Structures are given as C-alpha cells and as structure tokens.
Amino acid sequence: MSEAGWYVAHTYSGYENKVKANIEKAIENRHLEDQILEVRVPMEEVVEVKNGQKKQVLRKLFPGYVLLHMVMNDDTWYVVRNTRGVTGFVGPGSKPVPLTPAEMQKLGMDAGEKVVIDLEIGDEVVVIGGVWKDSKGFISAINQSKQTVTINVELFGRATPVEISFAEVRKVS
C-alpha cells in the first residue's frame with residue numbers, strides 16, 4: 001500500500017460541510033477507513049461585530065475546499081470525485097497532487113507528528129480540552145491513524161460515543 005498524503009478537493013461554495021459528511025458516510029459504507037483517514041474543513045475562530053455586539057464565530061479558512069488525508073488509488077479517487085458537491089481535485093489535469101510538508105506547515109497543520117499514548121480500550125479518561133472538557137468516560141475504540149479515541153459520555157441521560165483527539169484526554173489514575 002502506498003503512503004497517505006493530504007489532498008485538496010474543490011467543492012461548491014457553501015457545501016464544504018455537506019461534502020465532508022457525504023465523504024465520511026461513503027468511507028463507512030465502503031469500508032475505506034484504512035485508505036481515507038481524515039476529512040477536514042479548516043476553520044478559524046474570529047470575532048465579528050454585528051449591531052455593536054462582539055461575537056465569536058467559526059469561519060472557513062478556505063471556502064470551497066475540503067482537505068483529505070488519504071491513500072490515492074482508483075477507489076479513493078472515485079469515491080471522492082463522485083461525491084455530490086465535489087467539482088474535482090486540486091492539481092494539474094485529472095491527477096491530484098498531495099500537499100508538501102512545507103505547504104502543510106503553512107496551513108498550520110503538522111503533517112508528521114504522531115502522538116503515542118499508553119491507553120487501552122476500557123480505560124477511564126478525562127477530557128482536558130475542547131467542547132467536552134472535564135467530561136469523563138471509558139474508551140470504547142482507539143484510532144491510531146486519526147490519532148483519536150472514542151469514549152462514551154453522558155448526554156441527556158444517555159451514553160453517547162464521542163471521538164476525542166489523543167492530545168485532549170488524560171487517563172484517570
């Protein structure tokens with residue numbers, strides 16, 4: 001199997017999140033989790049002033065584009081290219097070109113850093129950052145390629161699976 005790289009897909013403007021959801025559904029349906037590792041719509045937090053009120057909002061860094069960490073082959077190319085809302089890959093002609101490590105760094109994404117963890121399925125963890133900060137849960141899955149763990153957190157009286165980055169969890173001693 002060849003090496004995974006970051007590729008850029010061009011989408012209709014405003015369809016980035018829909019394209020991301022559709023690609024993730026196709027990955028699940030076609031069992032391509034080991035070939036299309038991650039789908040991102042890069043966002044930045046900005047302060048907007050409307051009617052004299054300051055408000056923190058998330059804004060797309062690159063409107064009309066979706067980043068994909070994937071192994072490029074005929075299957076993955078077909079799945080992404082034929083997703084509703086995708087107009088094509090960025091690159092000359094019909095051959096997609098992966099982003100270089102220098103380009104990844106300019107985008108604020110580290111292409112090579114992998115976090116190694118000493119967690120196992122069943123371990124109790126506490127979330128130390130992000131939306132789920134201070135939530136506790138037990139690990140139900142570990143995804144090394146995406147650098148995430150899935151934990152069950154209590155939400156509206158139910159155990160809900162949530163995917164959290166390795167960097168945002170700490171083992172409960």
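The values are calculated or read from the model by the stated rules, or taken from the named source; none is laboratory data. What you are looking at is a predicted structure, and each value in this text was computed from that prediction instead of being measured. Here the Cβ is made from the backbone with ideal geometry for all residues, glycine too, and neighbour counts use every protein chain on show. Keep in mind that these areas ignore ligands, DNA and RNA; they rest on the heavy atoms of the full protein, side chains included. Shrake-Rupley method; radii C 1.70, N 1.55, O 1.52, S 1.80 Å.
Of the residues that make up the stretch 89-103, is at least one at pLDDT 85 or above, under 21 Å from VAL172 (Cβ atoms) and of a type in the set (A, V, I, L, M, F, W, C)?
For the stretch 89-103, residues at pLDDT 85 or above, under 21 Å from VAL172 (Cβ atoms) and of a type in the set (A, V, I, L, M, F, W, C): absent.
Identify, please: which residue in the stretch 36-61 is assigned to a loop (DSSP other than H, G, I, E, B) and out of contact with any strand residue (DSSP E or B) (no Cβ under 8 Å at 6 or more places or on another chain) and is, among those, least open to solvent (accessible area, probe 1.4 Å)?
GLY52
Looking only at the stretch 62-74, filter to residues that are touching a residue at least 12 places away in the same chain (Cβ under 8 Å) and more than 21 Å from MET43 (Cα to Cα); which one of those is surrounded by the most Cβ atoms within 10 Å (Cβ to Cβ)?
Residue satisfying both the conditions and the ranking: MET72.
Starting from residues that are open to solvent by 70 Å² or more (accessible area, probe 1.4 Å) and either under 19 Å from the mean Cα position of the chain (by Cα) or of a type in the set (A, V, I, L, M, F, W, C) (or both), keep the ones in the stretch 134-145 and report whichever is nearest to ALA4 (Cα to Cα).
Among those residues, the one meeting the criterion is GLN144.
Collect the residues in the stretch 128-173 that are over 23 Å from GLU33 (Cβ atoms) and among the hydrophobic types (A, V, I, L, M, F, W, C), keeping them in residue-number order.
Once the filter is applied, which keeps residues that are over 23 Å from GLU33 (Cβ atoms) and among the hydrophobic types (A, V, I, L, M, F, W, C), the stretch 128-173 yields ILE128, VAL131, LEU155, PHE156, VAL172.
What's the number of the condition GLU120 fails, among (1) assigned to a loop (DSSP other than H, G, I, E, B); (2) open to solvent by 70 Å² or more (accessible area, probe 1.4 Å); (3) at pLDDT below 75; (4) not aromatic (Phe, Trp, Tyr)?
(3) is the only condition that GLU120 fails.
Of the numbered conditions (1) at pLDDT 75 or above; (2) open to solvent by less than 50 Å² (accessible area, probe 1.4 Å), TRP77 fails exactly one; give the number of that condition.
It is condition (2) that TRP77 fails.
Anything in the stretch 156-172 that is open to solvent by 60 Å² or more (accessible area, probe 1.4 Å) and either touching a Ser or Thr at 6+ places or on another chain (Cβ under 6 Å) or assigned to a strand (DSSP E or B) (or both)? List them, or say none.
ARG158, ALA159, PRO161, GLU163, ARG170, LYS171
Take the conditions part of a strand (DSSP E or B), at pLDDT 90 or above, closer than 18 Å to SER13 by Cβ and hydrophobic (A, V, I, L, M, F, W, C) and apply them to LEU67. Does it pass?
yes
Between a residue in the stretch 6-32 that is in contact (Cβ under 8 Å) with a residue 40 or more places away in the chain and among the polar types (S, T, N, Q) and any residue that is surrounded by 14 or more Cβ atoms within 10 Å (Cβ to Cβ) and in a helix (DSSP H, G or I), which pairs come within a Cβ distance under 7 Å, given they are 6 or more apart or on different chains?
That search, which allows pairs on different chains as well, returns THR11/VAL19.
Restricting attention to the stretch 1-15, does a residue exist that is surrounded by 19 or more Cβ atoms within 10 Å (Cβ to Cβ), modelled with pLDDT of 90 or more, part of a helix (DSSP H, G or I) and of a type in the set (A, V, I, L, M, F, W, C)?
Checking the stretch 1-15: not a single residue is surrounded by 19 or more Cβ atoms within 10 Å (Cβ to Cβ), modelled with pLDDT of 90 or more, part of a helix (DSSP H, G or I) and of a type in the set (A, V, I, L, M, F, W, C).
Please verify whether LYS20 is in a helix (DSSP H, G or I) and either surrounded by 10 or more Cβ atoms within 10 Å (Cβ to Cβ) or not hydrophobic (A, V, I, L, M, F, W, C) (or both), treating the condition exactly as stated.
yes
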